[in-house]
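Engineer: What follows is a single structure, and I will ask about it in a moment.
The values are calculated or read from the model by the stated rules, or taken from the named source; none is laboratory data. Every value quoted in this text rests on a predicted model; they were computed, and no experiment measured them. All Cβ positions, glycine included, derive from the backbone under ideal geometry; neighbour counts span all protein chains shown. Areas reflect the complete protein model, heavy atoms only, side chains present, ligands, DNA and RNA absent. Shrake-Rupley method; radii C 1.70, N 1.55, O 1.52, S 1.80 Å.
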Amino acid sequence: MAENQMMNEMQTPGAVFFIFGATGDLARRKLYPAIYSLYREGKLKEDFAVIGVARRQRSPEEFHNDLYDSVQEFCRYKVADSGDWDRFASHFEYKSLDINNVEGFHELRQQTEAIETKFGIQGNRLFYLALAPELFGNVSNSLKEGGMLEGNGWNRLVIEKPFGYDLESAERLNQEIREVFAEEEIYRIDHYLGKEMVQNIEVIRFANAFFEPLWNNKYIANVQITLGETVGVEERGEYYDHSGALRDMGQNHMLQMLTMIAMEPPSRLLPEDIRDEKVKVLRSLRPFASNEDVKQNVVRGQYTAGTYRGKELPGYRQEDKVNPESNTETYFAARVFVDNFRWAGVPFYIRTGKRLPVKTTEVVVEFRSMPNNVYLGKKYKLEPNLLVIRVNPMEGIYVKINAKKPGSETEIEPLAMDFCQSCMVGINSPEAYERLLQDAVEGDSTYFTRWDEVSTAWAFIDRIAKAWEETPDSLETYPAGTWGPEGAKRLIVQDGFKWWPVNGQEEDNVVWKVGGRE
Ligand SMILES: NC(=O)C1=CN([C@@H]2O[C@H](COP(=O)(O)OP(=O)(O)OC[C@H]3O[C@@H](n4cnc5c(N)ncnc54)[C@H](OP(=O)(O)O)[C@@H]3O)[C@@H](O)[C@H]2O)C=CC1
Ligand SMILES: O=C1O[C@H](COP(=O)(O)O)[C@@H](O)[C@H](O)[C@H]1O
């Protein structure tokens, strides 16, 4: 196939992928489609195999049918023709196994050796745990006891979030898996790090003379990071009600994006150099000193019933498997400071929520006004310069500058330079899971989180969670389909700033024209 030929040079080393949790939602929606895309693009050749593991029984035909449905529904490539499909599907086998059944792992080992021989795989094994975190320790142990780590290639463990509930539970979890796997064998997924535009932050910053010299407190007034979702908790009420927005999105995706924006340039583009720089940012986060400090800097909210595009939406407490008296936050916004030379005094405003009006992830870097602006005055409509990095679902970069209004002698107006990557014909950005699976198999841990990153992030988040536990009435509400609680506006307005519109949409739903002149 054409994609295969084009991508030959990017082929990954042969390996067996074990998907523990093979009948689950993550495997179906993300992992199988990602493997198919890698295959279609020739990044996986014929020397790979997948063994799906879960408790329920699945005949080979049933498993292949599940696989087909998952690819057709969720993959960015549709199945090309039946010959290609049969060849792809022949790499997949299923093993019904409870992860606590060590005996069963000996059988798995025999199945593995047979499939390695069949596809000429040299003993490389990648264990992907798409399972509840409580099972991570047991599965690691069963892999060891069942002789699964005695192949003659490498062994790698890929684990999903959430990595713990707080620092203490994360430490326990880490200890359990470290009894079997070394840190360099562990790949902790934060799927935001696999997103094309999150990885692009590094390039935009470090490959452009426009930006890097200005990337500090002398020129940047504030940074805003928004991860908005229109969905509610869907079928995940039970998990979410225990977790909440702070743990579900804050501890991982939001702080990881913040580190990418704030980190120092690494001396080399090696995984440990980059992760060293990221962890320095996390260590520089100004910790909240007291409940009052948290109250002044962090706002939390829960959605109530509302309307979105004419549709009535239930409140969070009415959602399936959610405690009807739940105090769990579905939104939070925080003002965070990175106390180092580069960022001293620059607020980072971060916010995320479910049931907001727009699904979007964006970073807005707002530059300071000119020190002595000769264009101050009523007739000039000056706006601060902005750099906007659009992460998803739109991918692109947007720069807002001031320019003379054409034909006018005195008027100045903001001009938007908008590069929309996702609008370009022929661009079909890889899904985060494709990139991360490929990296894991290639042994590149750059976009996976190291233990010190995870633990430092938890220490920061725990302080907020503790304050909220002690001040339950700090929870505000917001109607589903709106931009979150009032407190989030106050948080930023008190500093003389405002939340910039995201994805072309103003907070009061006035459309902010994207591209061209406003
Ligand atoms: N779904 C998503 O989009 C995301 C999920 N995650 C995380 O990924 C993990 C998996 O999530 P998800 O797929 O949604 O969960 P599901 O509940 O849909 O799937 C869980 C899987 O685990 C298997 N399983 C459960 N117990 C055992 C056992 N004792 N032995 C063997 N297999 C077992 C189940 O199969 P069976 O019942 O047949 O044994 C099933 O395949 C979780 O940690 C979740 O937080 C993270 C980000 C996104
Ligand atoms: O990790 C998670 O992320 C999703 C949002 O991911 P995105 O790639 O669609 O932006 C979120 O819905 C979920 O609650 C959280 O667990």
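Engineer: Evaluate the range 159-172: report whether one residue or more is open to solvent by less than 30 Å² (accessible area, probe 1.4 Å) and in a strand (DSSP E or B).
Structural biologist: Looking for residues that are open to solvent by less than 30 Å² (accessible area, probe 1.4 Å) and in a strand (DSSP E or B), one finds at least one in the range 159-172, hence yes.
Engineer: Please verify whether Ser369 is among the polar types (S, T, N, Q) and open to solvent by less than 10 Å² (accessible area, probe 1.4 Å), treating the condition exactly as stated. Give the steps one after another, and end with the answer.
Structural biologist: Details: among the polar types (S, T, N, Q): yes; open to solvent by less than 10 Å² (accessible area, probe 1.4 Å): no.
In short, no.
Engineer: State which residue is farthest from the chain's Cα centre (by Cα) when the search covers only the range 303-359 and only residues that are open to solvent by 30 Å² or more (accessible area, probe 1.4 Å) and closer than 13 Å to Gly484 by Cα.
Structural biologist: The residue in question is Ala305.
Engineer: Hey, Met148 hits all of (1) aliphatic (A, V, I, L, M); (2) open to solvent by 10 Å² or more (accessible area, probe 1.4 Å); (3) over 30 Å from Asn340 (Cβ atoms) but one; which does it fall short on?
Structural biologist: Met148 satisfies every listed condition except (2).
Engineer: Against the condition in contact with a helix residue (DSSP H, G or I) (Cβ under 9 Å, 6 or more places away or on another chain) and either free of Cβ contacts under 8 Å to residues at least 40 places away in the same chain or within 15 Å of Gly24 (Cα to Cα) (or both), how does Gly52 come out, does it pass? Before you say what the answer is, go through the steps one by one.
Structural biologist: Numbers: in contact with a helix residue (DSSP H, G or I) (Cβ under 9 Å, 6 or more places away or on another chain): yes; either free of Cβ contacts under 8 Å to residues at least 40 places away in the same chain or within 15 Å of Gly24 (Cα to Cα) (or both): yes.
When the stated conditions are applied, Gly52 passes them.
Engineer: Which count do you get for residues in the range 180-191 that are within 11 Å of ligand 2 (Cβ to nearest atom) and either surrounded by 22 or more Cβ atoms within 10 Å (Cβ to Cβ) or of a type in the set (A, V, I, L, M, F, W, C) (or both)?
Structural biologist: Within the range 180-191, the first condition is being within 11 Å of ligand 2 (Cβ to nearest atom), and the residues that meet it are 189-191.
Applying the additional criterion that residues be either surrounded by 22 or more Cβ atoms within 10 Å (Cβ to Cβ) or of a type in the set (A, V, I, L, M, F, W, C) (or both) yields 189-190.
So the answer is 2.
Engineer: Before we move on, is Tyr32 assigned to a helix (DSSP H, G or I), away from ligand 1 (no atom under 12 Å from the Cβ), of a type in the set (Phe, Trp, Tyr) and surrounded by 16 or more Cβ atoms within 10 Å (Cβ to Cβ)? Full working, then the answer.
Structural biologist: Details: assigned to a helix (DSSP H, G or I): yes; away from ligand 1 (no atom under 12 Å from the Cβ): no; of a type in the set (Phe, Trp, Tyr): yes; surrounded by 16 or more Cβ atoms within 10 Å (Cβ to Cβ): yes.
No; evaluated as a whole, the condition is false for this residue.
Engineer: Residue check, Ile177 against (1) in contact (Cβ under 8 Å) with a residue 12 or more places away in the chain; (2) more than 21 Å from the chain's Cα centre (by Cα); (3) within 16 Å of ligand 1 (Cβ to nearest atom); (4) more than 18 Å from Tyr128 (Cβ to Cβ), all met but one. Which one?
Structural biologist: Of the numbered conditions (1) in contact (Cβ under 8 Å) with a residue 12 or more places away in the chain; (2) more than 21 Å from the chain's Cα centre (by Cα); (3) within 16 Å of ligand 1 (Cβ to nearest atom); (4) more than 18 Å from Tyr128 (Cβ to Cβ), the odd one out for Ile177 is (4).
Engineer: Having 1 or more residues that are farther than 17 Å from Ile159 by Cα and without any contact (Cβ under 8 Å) to a residue 60 or more places away in the chain is the bar; report the strands (runs of 3 or more DSSP E) wholly within the range 388-487 that clear it. Lay out the reasoning, then the answer.
Structural biologist: Details: elements: 396-404, 412-420, 475-479.
The strands (runs of 3 or more DSSP E) meeting that bar are 396-404, 412-420.
Engineer: Hey, another quick one. Being hydroxyl-bearing (Ser, Thr, Tyr) and under 21 Å from Phe210 (Cβ atoms) is the filter here, so list the residues in the range 341-374 that pass it. Steps first, please.
Structural biologist: Residues of the range 341-374 hydroxyl-bearing (Ser, Thr, Tyr): 349, 352, 360-361, 369.
Residue satisfying the conditions is Ser369 alone.
Engineer: Same structure again: Counting only residues that are touching a strand residue (DSSP E or B) at 6+ places or on another chain (Cβ under 9 Å) and either crowded, with 19+ Cβ neighbours inside 10 Å or within 15 Å of Thr259 (Cβ to Cβ) (or both), how many does the range 205-215 have? Working first, answer last.
Structural biologist: Step one: filter the range 205-215 for residues touching a strand residue (DSSP E or B) at 6+ places or on another chain (Cβ under 9 Å), giving 210-211, 214-215.
Remaining after also requiring either crowded, with 19+ Cβ neighbours inside 10 Å or within 15 Å of Thr259 (Cβ to Cβ) (or both): 215.
Total satisfying the criteria: 1.
Engineer: So which residues in the range 98-131 are within 16 Å of ligand 2 (Cβ to nearest atom) and over 17 Å from Ser142 (Cβ atoms)?
Structural biologist: none
Engineer: How many residues, within the range 102-136, are surrounded by 14 or more Cβ atoms within 10 Å (Cβ to Cβ), in a helix (DSSP H, G or I) and of a type in the set (A, V, I, L, M, F, W, C)?
Structural biologist: Number of matching residues: 7.
Engineer: Separate question: Looking at Ser408, Ser429, Ser445, which is the one that is open to solvent by 10 Å² or more (accessible area, probe 1.4 Å), of a type in the set (Gly, Ala, Ser) and more than 30 Å from Glu184 (Cβ to Cβ)? Before you say what the answer is, go through the steps one by one.
Structural biologist: Numbers: Ser429 fails: more than 30 Å from Glu184 (Cβ to Cβ); Ser445 fails: more than 30 Å from Glu184 (Cβ to Cβ).
That would be Ser408, the only listed residue that is open to solvent by 10 Å² or more (accessible area, probe 1.4 Å), of a type in the set (Gly, Ala, Ser) and more than 30 Å from Glu184 (Cβ to Cβ).
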